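Take a look at the structure below.
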Amino acid sequence: MENFDSNSGKLKLDKQSLKTLFVDQLNVVCCAKHNLIKNIPGLIDLPSFIDLKYAFEESMESSERQIKRLQEIFGHIKEEVSEERCQGMKAIINEAFCAIETTQEKSVTRDLAMIFYAKIIEHIEIVSYRMLISIAATLEYTEIKNLLKESLDESKENDKLFMMIAREYGLEMTPG
């Protein structure tokens with residue numbers, strides 16, 4: 001097996017292939033964030049509960065900060081942002097908006113649908129940032145790893161915020 005290092009017992013990582021994967025996945029996250037920025041304003045006035053409105057405003061501000069960090073990362077690695085490989089994330093985001101539109105306006109059901117999809121998107125972001133951090137560490141991109149960690153922490157905080165709001169509706173939410 002050519003990708004197996006018999007001395008260490010581990011798979012070999014081709015740095016160029018790993019960098020290509022890193023750039024591709026960074027593009028996916030960046031594209032998804034741009035898509036969210038375009039769509040979140042349409043959510044802000046939909047909730048019946050004011051705290052949920054504020055949570056979406058915070059989520060938008062967080063997404064804007066994360067986009068700035070992602071653009072900074074692209075500058076560090078001397079790559080351009082490309083939105084070619086983002087169809088899956090766009091589909092998840094579009095599905096969320098379609099599902100929300102099918103619920104009654106200013107209803108608890110709509111609020112919960114919004115929380116449901118917000119948490120799905122936050123968890124995808126959390127997993128994406130964790131994987132990008134691992135790859136950045138392997139590629140010895142220390143500064144980039146730190147920028148990604150900031151975005152990961154923000155995504156975790158947003159997830160906690162939506163979890164706390166879900167509890168206000170009487171849902172039993174478990175962290176994680």
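One quarter of the convex hull surface built on the alpha carbon atoms of the stretch 55-107 amounts to 4.9 nm², the projected area averaged over directions. Considering all projection directions equally, how large on average is the shadow of the alpha-carbon convex hull of the stretch 4-47, in square nanometres? For the Cα atoms of the stretch 4-47, the hull's average projected area reads 4.9 nm². For the listed peptides 98-104, 44-50, 153-159, 33-39, a ranking on the average number of other beta carbons within 10 Å per residue, highest first, reads 153-159, 33-39, 44-50, 98-104. Taking a ≥ b ≥ c as the square roots of the eigenvalues of the alpha carbon gyration tensor, the stretch 1-104 is prolate, as a/c is not under 1.5 and a/b beats b/c.
Say R0 is 41 Å: what FRET efficiency, to the nearest 0.05, do Ile50 and Ser6 get from their beta-carbon distance? About 0.10, to the nearest 0.05. Cross-link reach is defined here as a Cα-Cα straight distance under 19 Å, omitting same-chain residues fewer than 8 places apart; for Lys90 the aspartates and glutamates meeting it are Asp24, Glu64, Glu101, Glu122, Glu125. Per-residue Cβ neighbour counts within 10 Å put Glu143, Glu80 in the sequence Glu80, Glu143, beginning with the fewest. A compact globular protein would have a Cα radius of gyration near 2.2 N^0.38 Å; the ratio found for the chain is 1.16.
We did not get these values from a lab; they are worked out from the coordinates using the rules stated. Keep in mind that what you see is a predicted model, and the values were worked out from it rather than measured. A quick note on method: Cβ atoms are made from the backbone with ideal geometry, for glycine too, and the neighbour counts reach across all protein chains shown.
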